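A quick write-up on the structure given underneath.
All of the numbers you see were taken from the coordinates with simple rules; none came from a lab. Remember, it's a predicted structure, so these values are computed and weren't measured experimentally. With ideal geometry, Cβ positions are generated from the backbone for all residues, glycine too; neighbour counts draw on all protein chains shown.
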Amino acid sequence: MSDRPKPIKKSAGSGPSSSRPQKRSGGKRYSQDRFSRKPRGDRRSVGPRRSDRSRPAKPVKRDQPEPVVQHDPQAEIEGVQESPDMIFGRHAIQAALEGERTLNRLWINDRYRFDGRFLPLINDAKANGVVVDEVDQRRLNQLAQGQNHQGIIAQAAAYDYWELDTLITHAKAATTRPVLLAADSITDPHNLGAIIRTAEALGAQGLIIPQRRAAGVTSTVAKVATGAIEHLPIARVVNLRQALETLKTENFWIYGLAAEANRSLHTVEFSGATVLVIGAEGDGLSLLVQQSCDEVVAIPLAGKTASLNASVATGMALYEIYRQQWMGRLNLNSLPKAK
């Protein structure tokens with residue numbers, strides 16, 4: 001045998017043909033061990049992410065009932081009364097100036113600035129230190145909020161109510177047979193304004209209203225009263241029943257007006273100082289107020305309507321009271337003079 005060494009077998013990858021780079025569809029060749037990725041489930045959490053470390057944990061929201069906001073109409077009424085009020089119309093503003101009521105500002109349509117109907121009013125307002133602004137119709141409509149402003153609006157301070165004692169003294173000094181009104185829980189400002197207008201027109205000496213659960217002197221009341229609030233004293237009391245007891249000690253006779261009363265209005269003789277108490281529509285006079293009255297009377301009705309509007313009933317009752325006073329004066333004048 002020959003001593004020649006056996007030829008070494010070459011692998012399939014070696015040789016001249018294997019020196020050529022193999023083509024791959026992915027482009028470059030990467031090491032499988034260096035860029036190999038583990039399945040998602042094999043990752044281990046080593047702590048919160050950096051972005052999560054600065055964020056506090058959000059509290060779990062639970063279903064909670066929304067807070068119930070209670071609506072208090074009396075608070076709204078009192079809030080309106082304490083805030084500066086608006087007066088609409090030339091006559092109402094003129095009456096406020098004549099009554100020496102404090103006016104803060106006056107808005108007038110620029111077209112009426114030199115109108116002869118408004119010029120004296122503007123001059124009086126400026127003389128009293130009122131700021132006068134000339135604005136257009138659109139601005140007046142915004143300020144009026146639906147009210148009939150007639151081209152002029154004034155901002156007045158809150159109404160300055162009278163003290164009860166001062167009102168009693170004023171009424172007794174005005175006449176020997178004074179007549180006062182007391183409104184029991186009248187919440188409608190239109191009714192209150194009409195009552196004030198009627199009472200002032202017939203000659204009453206004043207009005208008493210309760211502080212709570214009742215309308216006060218607002219812009220609507222002043223508009224309906226058409227300036228009467230500047231000439232009729234209005235007292236505002238905490239307790240209407242106590243006010244009536246005070247009036248009794250001052251020799252006033254208290255008459256309550258109620259539809260269910262047994263005695264008719266025209267059968268009562270109003271010969272002295274009188275207080276006429278009017279109740280609210282629907283509820284009428286409260287039981288405590290009725291107990292404070294010397295007598296409860298009614299206006300006789302012949303129709304099918306069970307009751308009257310509070311302001312209408314007030315006008316009819318006041319007319320009967322003053323009719324008796326007028327008739328008494330006529331009878332005295334008709335007596336023959338002693339020689």
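Quick look at the values:
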| read-out | value |
| --- | --- |
| Over segment 78-156, equivalent-ellipsoid semi-axes from the Cα gyration tensor in Å | 18, 16, 10 |
| By average C-beta atoms within 10 angstrom, highest first, the peptides 306-312, 98-104 | 306-312, 98-104 |
| Calculated FRET value between A144 and L202, using beta carbons and R₀ = 35 Å, to 0.05 | 0.70 |
| Full-stretch length increase - E245, D115 - with 0.36 nm per residue and alpha-carbon distance subtracted | 41.6 nm |
| Full-stretch length increase - S271, Q291 - with 0.36 nm per residue and alpha-carbon distance subtracted | 5.0 nm |
| Binned Cα-Cα distance frequencies in segment 213-278 - 5 Å width, integer % | 3, 12, 18, 19, 19, 18, 9, 1 |
